[in-house]
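The values are calculated or read from the model by the stated rules, or taken from the named source; none is laboratory data. Please read these numbers as outputs of a predicted model, since none were measured by experiment. Here the Cβ is made from the backbone with ideal geometry for all residues, glycine too, and neighbour counts use every protein chain on show. SASA here: full protein model, heavy atoms, side chains in, ligands and nucleic acids out. Shrake-Rupley method; radii C 1.70, N 1.55, O 1.52, S 1.80 Å.
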Amino acid sequence: MEPLRKLLENLRAVQEKLRDGESKESNNNFNPQSFWNTLEQAFKATSQEATKISLAYSKPPAPSEEDCQKLSDGLLNAILAASTLYYSLPKDQGTTLRKTVREAVADVIEGTMQLVEVILSARIQSLSQAQLVSTGSVWEACDHFPQIPKDNHAAVVGIVSGYLGVVKDALQEMEEALSEEGDPFRDVLDDDDMGARGNQDTYWSEADRRLIAPSLGLIKAAKACLKKVLGALKAYGKVETSEQVAQLDDLADITHEVSPSVDELALSMYPPMNHLAVRLNAAKLSSVLKKVLEITSASHVCPDTESSWVQFLHNAVDHNMNKVKSLTQGAL
């Protein structure tokens, strides 16, 4: 089993290096088709080698030390091939794409480490449920290859689409809470947990509800903003120049800030409501949305034909933020 322990140590080292590993800024000889074909083969090889090692330790007798070494070397070489390929992906192909590839490779390494750990910790030489699950995790991570975006445009579209989904969920949760008769915590806490059910801390006052309207308006603006940016990315996004690639990365970076800002505002809107906290969180979301619109309008994904919705959303953000300010003057 010593080769397996050494394999686990090596996998940990590869994983650690992958977190901080950087590739070249650019590579004039970079061939995208060759890169993706070779990475696909590395993922397939990892899946096959993981299967071999799992089957070898699924029933007695255990492999000999020599066979164990061969199995360990085969799996490690497949993992090294995948991680080495990640380093060969130049930065000028897009930081968002590189993060996506790095995460995909990291998932494969993580799954492989879990499998090796399960085999090492098994007291009985038999195919346990844990070993089945961990083997399946490696397969799943390797089979994810077709879903990996193959250029920075596809990577950014995927990222922003995910952010939009999270904001949609947050908006839906808040609207459902508001539709409850008075008590947004009705489905969360039992009567016994609440003690005195008449506790005003579990209800919105009239002043709270007046402040909720423009706050919710900002969250709706966030959803509309991400939806429009996503549409513009799909319609006009390109990766023909390094400038276009960089602009897409800028959009991925700024839209990443929208969802956490929406969450903070939404959480501060639940009773007992602190109006100053709502104002501060609304201001933060407003600032983020304006940055999104500013970066979008300055990029190649926003030709003149798209400028009208950018201005409309600018106005919507300002309108709701001004309402929040006027309703929270007393909290300053």
From the backbone phi of segment 304-320, what are the Karplus-calculated ³J(HN,Hα) couplings (6.51 cos²θ - 1.76 cosθ + 1.60, θ = phi - 60°) in whole Hz, Gly and Pro given as x?
4, 5, 9, 5, 5, 6, 5, 5, 4, 6, 4, 5, 5, 5, 4, 4, 5
Lysine pair count for segment 29-162 [Cα-Cα under 21 Å; pairs on different chains or 8 or more apart]
9
How large is ³J(HN,Hα) for each residue in segment 213-228, as worked out from phi by the Karplus curve 6.51 cos²θ - 1.76 cosθ + 1.60 (θ = phi - 60°), to whole Hz, x for Gly and Pro?
3, x, 5, 5, x, 5, 5, 5, 5, 5, 4, 4, 5, 5, 5, 5
Looking at the chain as a GNM with Cα springs under 10 Å, which of LEU218, LEU80, LEU164 has the largest mean-square fluctuation?
LEU80
In terms of Cα to Cα distance under 16 Å, which lysines are near enough to LYS223, apart from those fewer than 8 places away along the same chain?
LYS168, LYS284, LYS290, LYS291
Note the angle between two axes, namely the Cα long axis of helix 32-56 and the longest principal axis of the Cα atoms of the chain, as a number of degrees from 0 to 90, rounded to the nearest 10.
70
From the phi of every residue in segment 287-296, what ³J(HN,Hα) in whole Hz does the Karplus formula 6.51 cos²θ - 1.76 cosθ + 1.60 yield, where θ is phi - 60° and glycine or proline is x?
5, 4, 5, 5, 5, 4, 5, 5, 5, 5
Starting from the 7 Å offset along Cα-to-Cβ, what nm value, one decimal, do you get for the label separation of LEU120 and GLU206?
6.7
With a probe of 1.4 Å, find how much accessible area the chain has per residue, and write the answer as a whole number in Å².
51
Pick out which of LYS238, LYS17, LYS223 has the largest mean-square fluctuation in a Gaussian network model of the chain, springs linking Cα atoms closer than 10 Å.
LYS17
Starting at 0 and stepping by 5 Å, how many percent of the alpha carbon pairs of segment 238-299 end up in each bin?
4, 19, 21, 17, 13, 10, 8, 5, 3, 1, 0
What is the Cα coordinate range of segment 1-153 on the first, second and third principal axes, sorted by size from largest, in whole angstrom?
51, 25, 22
Diffusion coefficient, µm² s⁻¹, Stokes-Einstein with Kirkwood Rh over alpha-carbon pairs of the chain at 25 °C and 0.890 mPa s:
105
Helix 258-268 against the longest principal axis of the chain: what's the angle in degrees, Cα atoms only, rounded to the nearest 10?
50
